[in-house]
């Protein structure tokens, strides 16, 4: 007879799963499917398999423990009853085992069998030796005297009697426990793979149905070229993440299409603006070559120089716009915007209209001094072009959305900007009607450059309504702590 190993515990199963989880993950990463659908299916199967294994270990452990506890309780009840009979000297009244017990054997301190059930008649004492003291012990034995190979749970109760210590052995068969364990194990062995196959099939079908719109989006985007940016991806009616992805993709295509239109229009406008001074310059040079009178040459050469300077300014503006469109980072430094505005105004000698300034002290921003000076210069150029007698530059602090800002306003007393054109004046190569004439030149890029540079610094530039003339307002984030 020998003591059998204890039943498996759920804790051991968890430790086993913890040891194999890492290698399984690495194996899936190396040899797993390459598609999202396959990875989702494999992941679901692995997770369910791990959960199923853990649940199976727990179920088998709980089932064994419960059945074993019931068997022990019945055997212990009979052993205690017989021990009481022995203690009172009434072993003669011992009856056959009740249901739940397979045999009974009573042994004295010298190892002699005092009483035993018929199925242990003539069998030696079950215990390895005499009892050492009163108490109760539990053993699981595989015994052959009963003619079977099944296990027995033996309850050993030792008690004092008038003749000395007596040990009562009551054994109960674990045949039902083993049968239940085998049946449950077989059911799990068959049902587990079926459950995993069902999970794999359902996950494969569900992920395939969920990813079908994604494949439609991918196929549509793959066919879109720079010549058909008007096409859009289909938006599924599910209102889920895939639908939001399609809406975001269409919004991106809207921006790409608008950017393409803007780029093509910019190229066309730039070509037109470059063609006009080039044509005039060529005409002037041809006339200079044809005219033999040296007295006319200074005038012709002066006109050619003016057109050359205009071309130079236009090329510089186009280069700056290209740099802005490339989103080149701003070399930021902490600046006193009042000093920047004052320097820009003082550098403009000989302007047609005097500039009056009202600059609040201590208005600081983070940005590029060169580009912020260009913003002020472009705003002043625009005001000088259309002002009648007065230009005002006002700098003050403000608050936008709870954040401190620097507000720069340039006002002139010219014809003003119609309400319908307050956004259009910031488009590239835009000129309004004769109310804001072209007498003083300009390619229609000044305000566009000023707005783009302001936006590059995190601010805004708008044309605000006013009773007379134009009011252009630039709002920039104030430097932290200013």
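Inspection of the stretch 259-270 finds no residue satisfying the criterion of being more than 30 Å from residue 299 (Cα to Cα) and either under 21 Å from the mean Cα position of the chain (by Cα) or in the same structural domain as residue 445 (by TED's automatic domain parsing) (or both).
May I ask you to list the residues in the stretch 326-352 that are in a helix (DSSP H, G or I), loosely packed, with under 15 Cβ neighbours inside 10 Å and in contact (Cβ under 8 Å) with a residue 24 or more places away in the chain? Can you show your working first?
Taking the stretch 326-352 as the starting set, the residues that turn out to be in a helix (DSSP H, G or I) are 337-346.
Of the ones still in play, those that are also loosely packed, with under 15 Cβ neighbours inside 10 Å are 339, 343, 346.
Listed by number, the list holds a single entry, 343.
Of all residues in the stretch 390-411, at least one satisfies being touching a strand residue (DSSP E or B) at 6+ places or on another chain (Cβ under 8 Å) and closer than 18 Å to residue 448 by Cβ.
Would you mind telling me which numbered condition in (1) more than 22 Å from residue 40 (Cα to Cα); (2) touching a residue at least 12 places away in the same chain (Cβ under 8 Å); (3) out of contact with any helix residue (DSSP H, G or I) (no Cβ under 8 Å at 6 or more places or on another chain) residue 216 fails? All conditions are met except number (1).
The values are calculated or read from the model by the stated rules, or taken from the named source; none is laboratory data. No experiment lies behind these values; they were computed from the predicted model shown. Heads up, the Cβs are rebuilt from the backbone with ideal geometry, glycines too, and the neighbour counts pull from every protein chain shown.
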